[in-house]
Amino acid sequence: HNLKSISFHHPSQVHHETKDMLLKATPKEQLKEQRQWSPYIDNGGTVLGVAPPGADFVVVAGDTRMSYGYSIASRNVTKTVQLTDKCVLASAGMQAERHTLHKVLKAKATMFENTHRKPMSAPSMAQCLSNTLYYKRFFPYYTFNVLAGLDEKGLGAVWGYDAIGSFERVPYVVTGSGSALATSILDNQVV
């Protein structure tokens, strides 16, 4: 059927077979298969941080499974990195981006320590991570981050981040593929 040869009239004047032809879908064989490419892969994972109010400690946890779709690529991939003596970063999401982000932040922490002759504080590292994520906001790191450490008063502190660096200090935060399950447990157990 060639649509170019059809003349269009008022709907009441269109022949029955022409109506059928207009309503037919294009056969599957004629459609070109559309493939979409994305630079991002979600390797899954869940990370969390808990800093009970008034406590002089913080708990950071992350699973070690790296997956792709329904396949498990590894069961021994860490999602946490110690940035300073009093600061730990945990990230879920794409493994390559996570590795790069951790490497960049460790380098920034080392440069700060070499310049100022003291390690970067946890609140300063929280701002540094925010600035690093915001700098890449147009092609962001595909990571979901939790930063935890001890503040200047020696109290536990946890910060949760979005992809482009917006952050908030909270008593606990969970991010990653299992966040819906773990958040409901912490909502019930942590103040």
- Item | region 105-191: projected area of the alpha-carbon convex hull, averaged over directions, in nm² | 6.6
- Task: Report Met120's accessible area, 1.4 Å probe, all protein chains in place, as a number in Å² to the nearest 10.
- Result: 20
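Percent of accessible area on region 142-191 owned by carbon and sulfur, 1.4 Å probe?
Numbers: 1500 of 2590 Å².
Solvent-exposed carbon and sulfur of region 142-191 make up 58 percent of the total.
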- Query: Tell me, what HN-Hα J-couplings in whole Hz come from the Karplus equation 6.51 cos²θ - 1.76 cosθ + 1.60 at θ = phi - 60° for each residue of region 132-137, using x for Gly and Pro?
  - Reply: 5, 5, 5, 4, 9, 5
- Working with all protein chains in place, sort Lys106, Lys118 by solvent-accessible area computed with a 1.4 Å probe, largest first. Lys118, Lys106
- Query: In nm, to one decimal, how far is the Ser166 label point from the His116 one, both placed 7 Å along Cα→Cβ?
  - Reply: 2.7
- Sorted by chain and then number, the residues having a modelled amide H within less than 5 Å of the amide H of Tyr161, at least 5 places away or on another chain, are Asn145
- Task: May I ask for the distance between the Cα centers of region 79-108 and region 151-191, given as a whole number of Å?
- Result: 16
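The values are calculated or read from the model by the stated rules, or taken from the named source; none is laboratory data. Keep in mind the model is a prediction, meaning the values are calculated, not measured. Note that we place each Cβ from the backbone using ideal geometry, even for glycine, and neighbour counts take in every protein chain shown. For accessibility, only protein heavy atoms count, side chains too; no ligands or nucleic acids. Shrake-Rupley method; radii C 1.70, N 1.55, O 1.52, S 1.80 Å.
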